[in-house]
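Before I ask anything, here is the structure I am working with.
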């Protein structure tokens, strides 16, 4: 287990999804390692830009890989699933396509940079499960979440097409992590289905149905809350529940938080350090029911 990992936070974790960033850093420290933010990083280009200006998008993304390579070869950890997908895709494509690698490095040369392919892109969940291990996680639990039923929502990109540490169709890493925290993961069939992503900004009615189906499927399975590992998924699952209520007549009323926040609660970390309380659907009453302290406070 490394004591320090290079860390790429990504744009959304700077503002709207700051709770994911804060809780990730706090949990990492609590588990005994640091997330060292790479200097001068830029937007990865997100998933949509790949379909607009593919070569330019690869170059933008590769700049981050080149920075990580220069600042410390090895693993580059991120928590945003979109960033994870884009950075991993860029690394894989440059490794496999010599012509593309030459074009991208030609662009990087304008800033006196080059990517040689010596960085391994990883998700924090992968690091926690496979480097640290579930037994070590159990050893850090101070407030076991016994009785709490959790719907683990992976979304469509964590384990595919570039994910390598979980099953692409039936992922289990978050479920196993929830068990290590003392919680009970519920079995529901939509945990790796798409929430609609950015479709919410263009075809809202279609996306609302996708999110409604996910939430009600989780609730019918008995879930008290949802945990996720993707900022966009979290926004879709939480922020549109009022519109779902208006469109379909019933209120999901299901908190959606990050897996790192749930870990922090079980580890007894202060709720304000984890970003708890910033949600639109407050998870603290549910967490208080099982921890007795309002979620890590």
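Nothing in this text is a laboratory measurement; each read-out follows from the coordinates by a stated rule. Nothing here was measured: the structure is a model prediction, and the numbers come from that model. Methodologically, a virtual Cβ is constructed for each residue, glycine included, from the backbone with ideal geometry; neighbour enumeration extends over all protein chains shown.
Suppose we keep just the DSSP beta bridges with both residues in the chain; what percent of those would be antiparallel, to 5?
Bridges in the chain that DSSP calls antiparallel: roughly 0 percent.
Oh, and also: Tilt of helix 54-71 relative to the longest C-alpha principal axis of the chain, in degrees (0 to 90, nearest 10)?
Taking Cα atoms only, the helix is inclined about 90 degrees.
Can you compute the helix-only [θ] at 222 nm over the chain? Use -39500 (n - 2.57) per DSSP H run of at least 4 residues, normalise by all residues, nearest 500 deg cm²/dmol.
So the calculated ellipticity at 222 nm is -13000 deg cm²/dmol.
Going by average Cβ density within 10 Å per residue, which order do the peptides 256-264, 16-24, 111-119 take, highest to lowest?
Top of the packing list down: 256-264, 16-24, 111-119.
Tell me the Kirkwood hydrodynamic radius of the chain in angstroms, computed as one over the mean inverse distance between distinct C-alpha pairs.
This gives a value of 19.5 Å.
Next question. Suppose a student asked you for the relative contact order of the chain, using Cα pairs under 8 Å spaced at least 6 residues apart; what percent would you report?
Contact order relative to length: 18 percent.
If you count, for each residue, the other Cβ atoms within 10 Å and average over each peptide, how do 74-85, 273-284 line up from highest to lowest?
The packing order, highest mean first, is 74-85, 273-284.
Could the peptides 144-154, 191-201 be put in order, highest first, of the mean number of other beta-carbon atoms found within 10 Å of their residues?
Packing proxy ranking, top to bottom: 144-154, 191-201.
Shifting gears a bit: Helix 81-96 sits at what angle to the longest principal axis of the chain, using alpha carbons and giving 0 to 90 degrees rounded to 10?
30
If you don't mind, another one. Taking 2.2 N^0.38 Å as the expected size of a compact globular protein, what ratio does the Cα radius of gyration of the stretch 4-125 give against it, to two decimals?
Rg over 2.2 N^0.38 Å, computed on Cα atoms: 1.03.
A further question on this structure: Based on DSSP, what percent of beta bridges with both residues in the stretch 4-125 are antiparallel, to the nearest 5?
0
Next question, about the same structure. In whole Å, how far is the Cα centre of the stretch 235-294 from that of the stretch 164-217?
With the stretch 235-294 and the stretch 164-217 each reduced to a Cα centre, they are spaced 15 Å.
Against the longest alpha carbon principal axis of the chain, how many degrees, from 0 to 90 and to the nearest 10, is the axis of helix 204-220 turned?
It is inclined by approximately 50 degrees.
Given q = 0.13, 0.15, 0.21 Å⁻¹, what are the Debye log10 I(q)/I(0) values for the stretch 142-288, with equal point scatterers placed on the Cα positions and solvent ignored?
Rounded to two decimals, the profile gives -0.54, -0.72, -1.38.
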